[in-house]
Amino acid sequence: MDLSLDINDYKLNIRAAGLIIHNNKILTHRNINADHYCLPGGRVELGESSDKTIKREIKEELGKDIEIQKYVSTIENFFILDGKKYHEIFFLYKIEFKKEEDKKIEYTLKNIEGKDYLQYQWIDLSKIDEYNILPICLKDIIKENKFPVHKINDDMKK
């Protein structure tokens, strides 16, 4: 069971994501029907640690085994999506593919679960500001390259 709860007019999510960097590019994940990019990952399941979540999610979505290199950040993320308010606790890890041949991948990857609307695309770090990557504070975390860090991202505060 995913740690995602509807509470009053909020949805509470607990999410884990992975930061993979190859040849000065980061792997992102995008719903082709959306206008933004995220880092690959997913919701933590009840009784599951966030580091196990990212390993499970990458295996389920891409069929790849990964190893965690280091903890990067916890982000308290507040945003609105499709008219719904979200309060998300987001754990971010620097990860790497285990197999040497996977470390050479630079093409767009497809979701192996049959979710054809999901694509996994490499974005050049020098062009990161040209992309709508969410949560917004991810760009700063990646550029600053100082880990670990705790961030609060409040897109609802205007």
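Here, each number is a calculation from the coordinates, and none is a lab measurement. Computed from a prediction, not measured in an experiment: that's the story for all the values here. Backbone-built Cβ (ideal geometry, glycine too); neighbour counts: all protein chains shown.
Taking the DSSP beta bridges in the chain as the whole, what percent of them are antiparallel, to the nearest 5? Please list the in-between numbers first.
On the way: 34 of 51 bridges.
Once the DSSP bridges in the chain are tallied, antiparallel ones form about 65 percent.
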In deg cm²/dmol, rounded to the nearest 500, the helical mean residue ellipticity at 222 nm of the chain, built from -39500 (n - 2.57) for every DSSP H run of length 4 or more, is -4000 deg cm²/dmol
Within 10 Å of each residue's Cβ, count the other Cβ atoms and sort MET1, MET156 from fewest upward.
-> MET1, MET156
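If I stretch the segment between THR74 and LYS115 completely, what's the gain in nm (0.36 nm per residue apart, minus their alpha carbon distance), one decimal? List each step's numbers first, then the result.
On the way: separation 41, 0.36 × 41 = 14.76 nm, distance 2.74 nm.
That works out to 12.0 nm of additional length.
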Report, ordered by chain and residue number, the aspartates and glutamates lying within cross-link reach of LYS99, taken as a straight Cα distance under 14 Å and ignoring same-chain residues fewer than 8 apart.
-> ASP65, GLU67
Which loop-located trypsin sites (Lys or Arg not before Pro) does the range 94-130 contain, where loop means any DSSP state but H, G, I, E or B and the Cβ has at most 13 other Cβ atoms within 10 Å?
-> LYS98, LYS99, LYS115
May I have the convex hull volume per residue, in Å³, for the Cα set of the chain?
-> 122 Å³
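What size of dipole, in debye to the nearest 20, comes out for the range 4-154 about its Cα centre when the only charges are +1 on Lys and Arg C-beta atoms and -1 on Asp and Glu C-beta atoms?
Computed about the Cα centre, the dipole is about 280 debye.
Under the rule a/c < 1.5 gives rounded, and otherwise a/b versus b/c splits prolate from oblate, where does the range 1-64 land using the Cα gyration tensor? Numbers along the way, then the final one.
Working: a/c = 2.40, a/b = 1.40, b/c = 1.72.
It comes out oblate by the Cα gyration axes.
Give LYS94/LYS127; LYS64/LYS127; LYS115/LYS143; LYS110/LYS151; LYS11/LYS98 a once-over and call out the pairs whose C-alpha atoms are over 28 Å from each other.
Working: LYS94/LYS127 20 Å; LYS64/LYS127 26 Å; LYS115/LYS143 31 Å; LYS110/LYS151 30 Å; LYS11/LYS98 34 Å.
Too far apart for the 28 Å limit: LYS115/LYS143; LYS110/LYS151; LYS11/LYS98.
Return GLU96, GLU60 ranked ascending by Cβ neighbour count within 10 Å, so the fewest neighbours appear first. Could you put the intermediate results ahead of the total?
Working: GLU96 15, GLU60 12.
Ordered from fewest to most neighbouring Cβ atoms within 10 Å, GLU96, GLU60 come out as GLU60, GLU96.
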